[in-house]
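Notes to accompany the following structure.
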Amino acid sequence: MGKHTKYISSGGLAFTERGDMRKLSRLSAKGWHLEAFAFLGYRLRKGEPRALEYVVDYHRVAPDEMDDYVGLFKAGGWTKVCSIGADIHIFSAVPGTKPIYSDKETNLEKYRRSVRNLQPLLLFPLVTILLFVIRYIANEFDAPRFLGQSLQVIGTLGIVLSVPILMTYAASRLRLRRAS
Amino acid sequence: MSRNNTLEMDQLTDSAYYILLSLLLPRHGYGLMSYIEELTGGEVVIGPATAYTLIKKLQDNGCILLAYDDAQDRRKTYRITEKGKNLVRKETERRKRMANHGDLAWHAAMEDTDNG
């Protein structure tokens with residue numbers, strides 16, 4: 001870890017995108033610059049204090065398109081800092097750089113994409129509900145005890161996963177509605 | 001990829017209009033942004049994320065295509081297709097008519113004020 005790296009938490013991009021980006025700006029002004037995404041937050045590295053603004057973009061960028069994508073942002077004054085997978089990317093620029101989205105329509109599509117990215121994860125809550133239905137039926141029909149117990153354990157695990165997934169999904173839908 | 005990615009094709013957004021105009025000649029992505037700024041005397045500036053979104057979209061809709069992929073510097077060049085050309089030509093005419101309607105309304109209003 002060392003003195004040159006520190007970790008800060010994120011409220012979750014779907015919940016606190018703007019707050020997170022503002023926090024990163026404030027920390028850059030103190031010499032702590034975003035380096036990478038970390039588990040539930042960000043990894044920062046110590047450097048010279050700089051005035052920097054941060055923005056998030058959602059785009060699924062194939063590896064062979066990354067140069068093009070990043071090149072466009074570079075031309076607009078934005079430097080890519082880090083990504084999560086192929087979908088979420090953070091850029092930084094000096095204050096006063098023109099925004100990455102210049103019209104409302106395409107800005108809205110950014111949030112539409114973020115909702116769409118989360119949709120496959122809805123499988124977890126769906127399967128969890130299904131498990132509880134099966135467990136209920138199994139109980140009704142006097143199924144072996146271990147079956148009911150295993151279903152209970154897996155179902156509980158499913159709930160643990162499903163709650164944050166559903167909250168994030170709801171938040172991203174809300175964000176889309178607010179932007180509309 | 002192209003789900004929900006279709007453009008409302010009868011009318012172009014301002015940004016899509018300018019991007020199609022800029023690709024009447026083949027250009028790189030970032031060449032297109034600086035060209036639009038130059039063409040409009042700095043009045044219109046397209047953000048990089050907006051440009052990327054629309055390049056993908058116009059490509060999906062067959063309005064523009066990759067002209068060539070320069071393997072040496074790995075920059076992609078785009079150009080307009082016939083479909084894109086027809087669309088942007090119609091749009092230029094439509095916007096001209098709109099500007100005329102504006103002029104007509106202004107003149108009529110001013111004449112009315114002068115007479116009254």
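Read the figures in this text as sums done on the coordinates, not as results from a lab. What you see is a predicted model, and the numbers here were worked out from it, not measured in a lab. Cβ: placed from backbone, ideal geometry, glycine included. Neighbour counts: every protein chain shown.
To keep it simple, each residue is scored yes or no on (1) of a type outside the set (Lys, Arg); (2) assigned to a helix (DSSP H, G or I); (3) buried (at least 16 other Cβ atoms within 10 Å of the Cβ).
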| residue | (1), (2), (3) |
| --- | --- |
| B:LEU58 | yes, yes, yes |
| B:GLU91 | yes, yes, yes |
| B:ARG97 | no, yes, no |
| B:ASP103 | yes, yes, no |
| B:ALA108 | yes, yes, no |
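Mind checking whether some residue in segment A:97-110 is in a strand (DSSP E or B) and in contact with a strand residue (DSSP E or B) (Cβ under 7 Å, 6 or more places away or on another chain)?
The answer is no; no qualifying residue exists.
Identify all residues within segment A:95-116 that are more than 16 Å from A:ARG175 (Cβ to Cβ) and more than 9 Å from chain B (Cβ to nearest Cβ); write none if there are none.
A:PRO95, A:GLY96, A:THR97
Would you pick out the residues in segment A:45-85 that are among the aliphatic types (A, V, I, L, M) and touching a helix residue (DSSP H, G or I) at 6+ places or on another chain (Cβ under 8 Å)?
A:ALA51, A:LEU52, A:VAL55, A:VAL56, A:VAL61, A:LEU72, A:ALA75
Which ones in segment A:44-63 are away from chain B (no Cβ under 13 Å) and either over 16 Å from A:ILE90 (Cα atoms) or of a type in the set (Gly, Ala, Ser) (or both)? So that I can check it myself, show each step before the final result.
Keep residues of segment A:44-63 that are away from chain B (no Cβ under 13 Å), which gives A:44-54.
A:LYS46, A:GLY47, A:GLU48, A:PRO49, A:ARG50, A:ALA51 - these are the residues of segment A:44-63 that are away from chain B (no Cβ under 13 Å) and either over 16 Å from A:ILE90 (Cα atoms) or of a type in the set (Gly, Ala, Ser) (or both).
Can you name the number of the only condition in (1) within 14 Å of another protein chain (Cβ to nearest Cβ); (2) within 30 Å of A:ARG50 (Cα to Cα); (3) loosely packed, with under 13 Cβ neighbours inside 10 Å that A:SER92 fails?
Looking at each condition in turn, A:SER92 falls short on (3).
Within segment B:78-89, is even one residue of a type outside the set (Gly, Ala, Ser), touching a residue at least 12 places away in the same chain (Cβ under 8 Å) and within 14 Å of chain A (Cβ to nearest Cβ)?
Initially, segment B:78-89 is screened for residues of a type outside the set (Gly, Ala, Ser), giving B:78-83, B:85-89.
If we keep only those that are touching a residue at least 12 places away in the same chain (Cβ under 8 Å) as well, we get B:78-81, B:83, B:85, B:87-88.
If we keep only those that are within 14 Å of chain A (Cβ to nearest Cβ) as well, we get B:78.
Yes, that holds for at least one residue.
Looking at A:ARG135, A:ARG173, which one is free of Cβ contacts under 8 Å to residues at least 24 places away in the same chain, in a helix (DSSP H, G or I) and basic (Lys, Arg)? Explain how you work it out, then say what you get.
Working: A:ARG173 fails: free of Cβ contacts under 8 Å to residues at least 24 places away in the same chain.
Unique residue meeting the criteria: A:ARG135.
Taking segment B:16-58 as the search range and keeping residues that are under 19 Å from B:ARG79 (Cβ atoms) and of a type in the set (Gly, Ala, Ser), which one is farthest from the other protein chains (Cβ to nearest Cβ)?
The residue in question is B:SER22.
Somewhere in segment A:38-53, is a residue under 17 Å from B:GLY29 (Cβ atoms), not in a helix (DSSP H, G or I) and not aromatic (Phe, Trp, Tyr)?
Checked against the condition, which is being under 17 Å from B:GLY29 (Cβ atoms), not in a helix (DSSP H, G or I) and not aromatic (Phe, Trp, Tyr), segment A:38-53 yields no hits at all.
Does segment A:64-88 hold any residues that are more than 7 Å from every other protein chain (Cβ to nearest Cβ), out of contact with any strand residue (DSSP E or B) (no Cβ under 7 Å at 6 or more places or on another chain) and either part of a helix (DSSP H, G or I) or more than 16 Å from A:ALA38 (Cα to Cα) (or both), and which are they?
Let us first name the residues in segment A:64-88 that are more than 7 Å from every other protein chain (Cβ to nearest Cβ), namely A:64-66, A:70, A:74, A:77, A:79-88.
Filter once more, keeping what is out of contact with any strand residue (DSSP E or B) (no Cβ under 7 Å at 6 or more places or on another chain): A:64-66, A:74, A:85-86.
A:ASP64, A:GLU65, A:MET66, A:LYS74 - these are the residues of segment A:64-88 that are more than 7 Å from every other protein chain (Cβ to nearest Cβ), out of contact with any strand residue (DSSP E or B) (no Cβ under 7 Å at 6 or more places or on another chain) and either part of a helix (DSSP H, G or I) or more than 16 Å from A:ALA38 (Cα to Cα) (or both).
Quick check: is even one residue across segment A:120-129 within 14 Å of another protein chain (Cβ to nearest Cβ), in a helix (DSSP H, G or I), under 30 Å from A:ALA171 (Cβ atoms) and among the polar types (S, T, N, Q)?
Start the filter on segment A:120-129 by keeping residues that are within 14 Å of another protein chain (Cβ to nearest Cβ), which leaves A:120.
Right, trim to in a helix (DSSP H, G or I) and you get A:120.
Still in the list and also under 30 Å from A:ALA171 (Cβ atoms): A:120.
If we keep only those that are among the polar types (S, T, N, Q) too, we end up with none.
There is no residue in segment A:120-129 that is within 14 Å of another protein chain (Cβ to nearest Cβ), in a helix (DSSP H, G or I), under 30 Å from A:ALA171 (Cβ atoms) and among the polar types (S, T, N, Q).
Which of the residues that make up segment B:21-51 are among the aromatic types (Phe, Trp, Tyr) and either in contact with a strand residue (DSSP E or B) (Cβ under 8 Å, 6 or more places away or on another chain) or surrounded by fewer than 16 Cβ atoms within 10 Å (Cβ to Cβ) (or both)?
Within segment B:21-51, B:TYR35 is the sole residue that qualifies.
Identify, from the list A:SER92, A:SER83, A:SER102, A:SER114, the residue that is in contact with a His (Cβ under 6 Å, 6 or more places away or on another chain), closer than 16 Å to A:ASP57 by Cβ and not acidic (Asp, Glu).
It is A:SER83.
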